[in-house]
Amino acid sequence: MIGAGRCGGSVVAAMALDKIRQPADLRELSYPELADLAGEIRDFIVQAVAENAGHLGSNLGVVELTLALHRVFESPTDAVLWDTGHQAYVHKMVTGRQAGFENLRQAGGLSGYPNREESPHDFIENSHASTVLSYAYGLAVGRDLGTNHHRHIVGVIGDGSITGGMAYEALNNIGHSKQRVIIVLNDNGRSYAPTISNLTAGPTAREQAEMDHPSLPDRITEKLSHALTDIRLNPVYVRRQRRLEQFLRDLPYVGQQAEKSVEAMKAAVREFLQPPSFFEALGVRYVGPVDGHDIAALEETFRNAVELSAEGPIVVHVLTQKGRGYSPAEDDDEKHLHDAPVFDPAIGPPPAVVTGYTQAFAEAIIKEAEADSRVVAVTAAMPGPTGLLPFQARFPDRFFDVGIAEQHAVTGAAGMAMGGLRPVVAIYSTFLNRAWDQVVYDVALHRLPVVFCLDRAGITGPDGASHHGMYDMALMAKVPGMRVLAPSSAEDLAAMLHDALTLADEGPVVLRWPRGTARHVSEHEVGVGLHARKALDGTNSLAILAVGKMVSEAIDAAALLVQHGIDATVWDVRSCAPLDPEMIADAAAHGAVVTVEDGIRDGGIGMTIADQVHELASTVPVQVLGIPAKFLPQGSADDIIAQLGLDAAGIAAAARRLLA
């Protein structure tokens, strides 16, 4: 295992990695050479993430697993699919993209997820979890109907993705239809935080101590379990088992009873030795667990799985260590350096701390929970990034992490609200898209007091198209009875959360805020309730109505416009739904109006503002600025905002064009 100071690798190791341009190159290496290569790959990943930021722990944990997969399967003839895609750095390296890591997650550079435009080895751009088994099912159907020529379909699901409900839906369908899919369950006991699942959760401290010093019965059980796994992976055994089952079935008079007796005995053994018999109840053969860092054992298991998959789906349970080989990642108890900013590889990243709006939320929710015992916090496998770890420490009985299961999180919160609680659901903006049906029909239809707190709203930057929080305002503003609030400062966020918990008496409320630093303002610059706030009082020539993060850009734009003789009024919209009638009336009294939001333009808040302004003054021109309806690649958030004309210079330019 490498330590914090090994980054860079030896000259010999570097030569080994330089020779890997395609998966076939791996098949020429001996196991000692593969061990050296694995060490260098880990050094490479640490260095690349240290320079560009990115997902670290998950990729350090899948090095041997990835090498074994690409030695046994022949991508892209065999489709190897990754869920989630943030564990695919090693896959990218061995499929010819090592040079691209110099610009990892930068504009025009290598994506942090699989990307169909980058390589024929990338089949799905999978950055939202728990979808791979559905993709695998569909690809297998296409293969069997002759519309594609993949031999084997391999779905690698891990880093907590198995906790998502969609994975179970697909698993049930795959088992029922007997599709020939090979499922690799990469079990590292983690998603972002520890995985919330009995199928994959790691041992407790007491269980770990017992494993470190097993009793004689435990040692016997362990050996028997491994022996049964070896037998069940042996195709010869499987064929003989099938013949035995047929023989028993054909016995006169007692055939059916004899077969059921054998099945009952097998089920009892599985229940005793292999808790994940859950898979087999769904019609999916289960083998494992297998050491995910033993390449030889992995290869043997995968080869046997290929032969066994001729009879139907099979799941190979692989145990890996997230952050393996890099001591700062191994020692990170919270997330094993799941992701990391730019850092010094010799010492590792600094301790993760929440900042900006997230920090303001973390402090505000504790304050509200201290004042109201009904307040509970719900998240979907993201307690750290959403700022809920301090809440969890302060109120452990009122904190609920449901795993990567956004739909369940929302409807579970609905049930809590029905039960008299005040649930606050903290989640990334992009991930709430997955629970749209639940927001509308399980929460809003019942007018339940649920408060949604959406982090990473707007343009998020280096994680690319799948992570920009573009849709939340446009979608949530269309939900009957939903109130949508957007703070423009840390202080306003705290005030909004307090108000939201009261507003929730009449139904759900959404707060949304961006990633990164937050403005700080005086108490006289904080709004209240559903009212907008006039940030600058100008002449009646131009009104700029800005949402959330865009307020600071609008104020800066007003300063630029002064240089051209334009004295603009600036409104902080604050309440996106419903809009403040006083703000609309004031805007309609101006000669022109510009709206600016860091959400999708079409059907967004600006268009609603324009409609309401025109109801009062149909001749007032309104320029609506927002995010276009297209997928935006990764890059610096500030650069993307500038390219879209949403920064101060872009707003000022749009205003001058409108007035001209």
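Throughout, read-outs are computed from the coordinates displayed, never taken from laboratory work. The structure presented is a predicted model; accordingly, all values stated were derived computationally and were not measured. Neighbour counts run over all protein chains shown; Cβ positions are idealised from the backbone, glycine included.
What the table below lists for this structure:
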{"read-out": "Theoretical gain in end-to-end length, Ala629 to Asp437 [0.36 nm per residue, Cα-Cα removed]", "value": "67.0 nm"}
{"read-out": "Cα gyration tensor category, rounded, prolate or oblate, for the range 535-659 with a/c compared to 1.5", "value": "oblate"}
{"read-out": "Whole-angstrom gap from the range 40-73 to the range 611-660, using each part's C-alpha centre", "value": "41 Å"}
{"read-out": "Neighbour-count ranking [beta-carbon atoms within 10 angstrom, fewest first] of Ser541, Ser575", "value": "Ser541, Ser575"}
{"read-out": "Tensor-based shape of the range 76-184 (alpha-carbon gyration tensor, a/c under 1.5 rounded, otherwise prolate or oblate)", "value": "oblate"}
{"read-out": "DSSP beta bridges in the range 356-514 [antiparallel fraction, %, rounded to 5]", "value": "5 percent"}
{"read-out": "J(HN,Hα) series, the range 363-379, from Karplus relation 6.51 cos²θ - 1.76 cosθ + 1.60, nearest Hz, glycine and proline x", "value": "6, 5, 5, 5, 4, 5, 5, 5, 8, 9, 5, 7, 6, 10, 10, 10, 9"}
{"read-out": "Pair Val353, Asp537: separation of 7 Å Cα→Cβ label points (nm)", "value": "3.9 nm"}
{"read-out": "Cα-Cα over 30 Å, subset of Lys322/Lys478; Lys367/Lys534; Lys92/Lys478; Lys178/Lys322; Lys534/Lys630; Lys19/Lys322", "value": "Lys322/Lys478; Lys92/Lys478; Lys178/Lys322; Lys534/Lys630"}
{"read-out": "Modelled FRET efficiency - R0 60 Å, His149 with Asp397, Cβ distances, 0.05 increments", "value": "0.65"}
{"read-out": "Thr619-Glu582 FRET efficiency (beta carbon distance; Förster radius 25 Å; 0.05 resolution)", "value": "0.75"}
{"read-out": "Length added when fully stretched, Asn173-Glu523, from 0.36 nm per residue minus Cα-Cα", "value": "120.4 nm"}
{"read-out": "Spacing of the two label points (7 Å from each Cα toward its C-beta) at Glu311 and Ala297, in nm", "value": "2.4 nm"}
{"read-out": "Pairwise FRET efficiency - Arg656 versus Lys367, Cβ, R0 = 35 Å, nearest 0.05", "value": "0.20"}
{"read-out": "For Asp567, distant residues with modelled amide H under 5 Å away", "value": "Thr539"}
{"read-out": "For Phe73, Phe452, order by how many other beta-carbon atoms lie within 10 Å, fewest first", "value": "Phe73, Phe452"}
{"read-out": "Cβ-based exposure ranking for Asp580, Asp291, in which fewest neighbours within 10 Å come first", "value": "Asp291, Asp580"}
